[in-house]
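The values are calculated or read from the model by the stated rules, or taken from the named source; none is laboratory data. Computed from a predicted structure; not experimentally measured. Cβ: placed from backbone, ideal geometry, glycine included. Neighbour counts: every protein chain shown.
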Amino acid sequence: MPFSSREWHLVRRPVGEPTTSDVALVTATVPDPGPGHVVIRNDYLSVDPYMRGRMDDRESYIPPFGLNEPMTGTAVGTVISSQSAEVPVGATVTHFLGWRDYAILPAGQVQIVDTQLASPQAYLGVLGTTGLTAWAALKEIAPVKEGDAVFISGAAGAVGSVAGQLARKLGASTVIGSAGGPDKVKRLTQHYGFDAGLDYREGDIAGQLAKAAPNGIDVYVDNVGGDHLDAALQVMNLRGHVALVGAISMYNATELPAGPPHLPLAIGKRITLRGMNVGDHLHMVPEFIQKASGWISDGSLVADETVVHGIGNAFEGFQAMMRGVNVGKMLVRLSHT
Ligand code: NAP
């Protein structure tokens, strides 16, 4: 029997910071599943910084959201109706039709997850693409060597908090993080094991970093861009590596900054700056899930979640994440769970 579901549509392309006038919560009908299809009751939705880019109409590695169409993103849920032998009713699955109560899609487009290893929502965060981003950045993009000094920006967030802990596991001797506000900065050292935390809202991130890293840094995981990247270039050691993971400080910008003024330092210091897209690293998923789930179980990897409740608050959750309300992974828990 068809039934109704609510879904978020983009109705206007935001200029600067997205507002509630840019989106609408719309009621849609979920039909009976056809052959090979499954219906999923979404339990948790992921809200992520890259979604801001999809609200703009420009070419990227992922298409923009269509206007007056449901937005998409990762979600985890429970199969409630199935026309597929491979994905039975009751299975917990991840898929890409987030931003809605219920999803209907071909069984080949969902992944069954092992809830014995970790909670379902962990597959949207530490065991999902955010955790994998941290792992791939430190293993393949800007590889950490024993004894390296590592700097991570956005360090209290989903990628950053995991990256700090993984850098230590990979042999970093010093791990420095930056985040917004004293509570988050305290959390870096007291909760995630960073050696030092910098509060970028206090200003002079370059001065703070130089003081925290008197012997320079060897690896920088850039989640923020702008002044953070510029600060890292100034203290980077010879042949250092930068993983260009994200530039959230610019995602709402209506005018782009002139650039990191210290970029030419990369020439003399032979710095490697390498952009990354987690989609290029999916081959690492099985190994990463096995390792990370073990670390979560033995308590050596802390993965925080900040949860907002209800489909009606999903967009507010996205806005809150962009403003830094979250520690760890920002998630939306749907009220039927
Ligand atoms: P997140 O860090 O959990 O949440 C975003 C955080 O960004 C906020 O909590 C906020 O923390 C910080 N922020 C917002 N505006 C800022 C500003 N102007 N300056 C400095 N920090 C600011 O999000 P995430 O999912 O882990 O993503 C982190 C970064 O990784 C993003 O840049 C994202 O685009 C990128 N990413 C890239 C890939 C890839 O494949 N390349 C994959 C996943 C994520 P504060 O309170 O500290 O400001």
Close pairs from region 233-250: first farther than 20 Å from ASP280 by Cα, partner in a strand (DSSP E or B) and more than 15 Å from the ligand (Cβ to nearest atom), Cβ under 6 Å, at least 6 apart: VAL235/ILE217; MET236/ILE217; ASN237/ASP218; GLY240/ASP218
Only one of these is touching a residue at least 40 places away in the same chain (Cβ under 8 Å) and more than 15 Å from SER249 (Cβ to Cβ): GLY160, GLY216. Name it. GLY216
Can you confirm whether region 283-295 contains a residue that is within 13 Å of the ligand (Cβ to nearest atom) and under 17 Å from THR74 (Cα atoms)? no
Can you confirm whether GLY312 is of a type outside the set (D, E, K, R), in the same structural domain as LEU117 (by TED's automatic domain parsing) and surrounded by 13 or more Cβ atoms within 10 Å (Cβ to Cβ)? yes
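Conditions tested, residue by residue: (1) closer than 25 Å to LEU170 by Cα; (2) touching a helix residue (DSSP H, G or I) at 6+ places or on another chain (Cβ under 9 Å).
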{"site": "LYS184", "(1), (2)": "yes, no"}
{"site": "HIS191", "(1), (2)": "yes, yes"}
{"site": "TYR200", "(1), (2)": "no, yes"}
{"site": "ALA213", "(1), (2)": "yes, yes"}
{"site": "VAL221", "(1), (2)": "yes, yes"}
{"site": "VAL242", "(1), (2)": "yes, yes"}
{"site": "THR254", "(1), (2)": "no, no"}
{"site": "HIS281", "(1), (2)": "yes, yes"}
How do the pairs read when you match residues in region 261-279 that are of a type in the set (Lys, Arg) with residues anywhere that are assigned to a helix (DSSP H, G or I), using Cβ under 7 Å and keeping only pairs 6 or more apart or on different chains? ARG274/ILE141
Counted residues, region 125-146 - those being of a type in the set (Lys, Arg) and within 11 Å of the ligand (Cβ to nearest atom): 0
With ILE176, ILE205, ILE248 as the choices, which residue is over 15 Å from VAL327 (Cα atoms) and touching a Phe, Trp or Tyr at 6+ places or on another chain (Cβ under 7 Å)? ILE176
How many residues are more than 20 Å from the chain's Cα centre (by Cα) and more than 19 Å from VAL126 (Cβ to Cβ) if we restrict to region 139-189? 12
May I ask you to verify whether VAL38 is in contact with a helix residue (DSSP H, G or I) (Cβ under 7 Å, 6 or more places away or on another chain) and modelled with pLDDT of 95 or more? yes
